[in-house]
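Every number here is computed from the coordinates shown, using simple stated rules; none is lab data. A quick note: this is a predicted structure, and the numbers were derived from the prediction, not measured. No Cβ is skipped: glycine too gets one built from the backbone with ideal geometry, and neighbour counts run over all protein chains shown.
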Amino acid sequence: MDTAREKGNVVAFLGPKASYTHQATLQKFGDQNFHIVPMTSIDDVFAAVQAGSATHGVVPFENSSNGPVLFTLDLFADADKRHPDIVVEAEIYLPVHHCLVGQRAAKALHTAKATDAPSLSQVREDLDTSPVVSGAATPTQTAPQPARPRVQPLHSIKHIQHVHSHPQAWGQCKAFLTAYLKQAEKHDVSSTSRAAEIVATDSTGVSAAVSSKLAAELNGLDVLAEGIEDTQGNSTRFFVLRRRQDVEGHVNASSTEGVNGPVANAHDDQAQLFKSLISFTVDHAEPGALADSLAVFKKHGLNLTSINTRPSGARPWNYVFFVELMGRKRGDGDGGKVNVALDELGRVVKTYRWLGSWEKMTKD
Ligand SMILES: O=C(O)C(=O)Cc1ccccc1
């Protein structure tokens, strides 16, 4: 019997194996006694933590070049009130290097069956060994100087007609995809490693995935291009989810104080060590409602580090606002700056939710 599972230490992550989320999960929990369980979707990770079948969940939240993961923001917005107890307990940063993975043209020709006539002839044409198509994206009126990709394919990719990946990956690899795979059909799937699994089942060899090298290895695929992300230093931030009742009053082992704990004499200057996430809705008919809300954070000297919005789901053209700020909420009645600001925010907004406070993992 699995002792980690028996003790209830279960981490749900966006799988399958070899997703970037899996790699982030191993970075944080790999050397601890945790039972690590793949989930099919980000939604399933939220649901497992909310239901208590997992004690922790790991989900992608934001990319350094492509911005927020909209699925995750929408689950935090929680229009259906399915996750009332979910809070963020920690953040994980992971460098992300995307590959185009699939079958090389010669191999694809071998494995394609005679009945796959259109793809077979396509593959035959592509046996030209020149690795590169043009590499130059066509200038258009809206993009007169399209960005040049940072790398060239390692093998011919002219046989690729379909590309599968998580929607986040498209936005991180725009230059490469535009230059080399403009005509290929793009298919959204639940994760980058799921994309590699799908490609491995395509016997015609005309499909590829944008995923990690690890996902290529695990699924027996060739790396057709490596490092296809638009920006050097491409990195994704993941959140560790918990249930609010499991973190309240709990002392975070990696910090000197509780994330939300009852440490009465902690100083607010430690705000630089922590971050918090808050969502709120305002009365859209009231001029200045958003400005009034943000003024509360200013009044209490709370530095906002990001602001996002998503449709609220309650009514068309109504939004949920998300702010991240430096500082942490303390135990109720503990009087920290964030606690006071939240009380005040409650008087100027329609609804708000504290979505967690955690130790900041970057130095700046
Ligand atoms: O974890 C994955 O593999 C995902 O599909 C989410 C994702 C996508 C792109 C960059 C980082 C995480």
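Annotations
- Dipole in debye (nearest 20) - region 142-193, about Cα centre, beta carbon charges: Lys, Arg +1; Asp, Glu -1: 220
- The residues packed around Lys28, meaning those with a beta-carbon under 13 Å from its beta-carbon, carry a net charge of -2 if Lys and Arg are +1 and Asp and Glu are -1.
- With Cα atoms defining each centre, region 177-233 and region 288-303 are spaced 44 Å apart in the structure.
- Between region 318-364 and region 46-95, the alpha-carbon center distance in angstrom: 17
- Hypothetical label at Arg150: residues of region 188-231 whose amide nitrogen lies under 14 Å (7 Å Cα-Cβ projection): 226-231
- Unsatisfied cross-links (Cα-Cα over 28 Å) in the set Lys81/Lys213; Lys28/Lys182; Lys28/Lys186; Lys299/Lys350; Lys28/Lys174: Lys81/Lys213; Lys28/Lys182; Lys28/Lys186; Lys28/Lys174
- Burial ordering of Trp170, Trp354, fewest other beta-carbon atoms within 10 Å first: Trp170, Trp354
- Whether region 267-364 is rounded, prolate or oblate, judged on the alpha carbon gyration tensor where a/c under 1.5 counts as rounded: prolate
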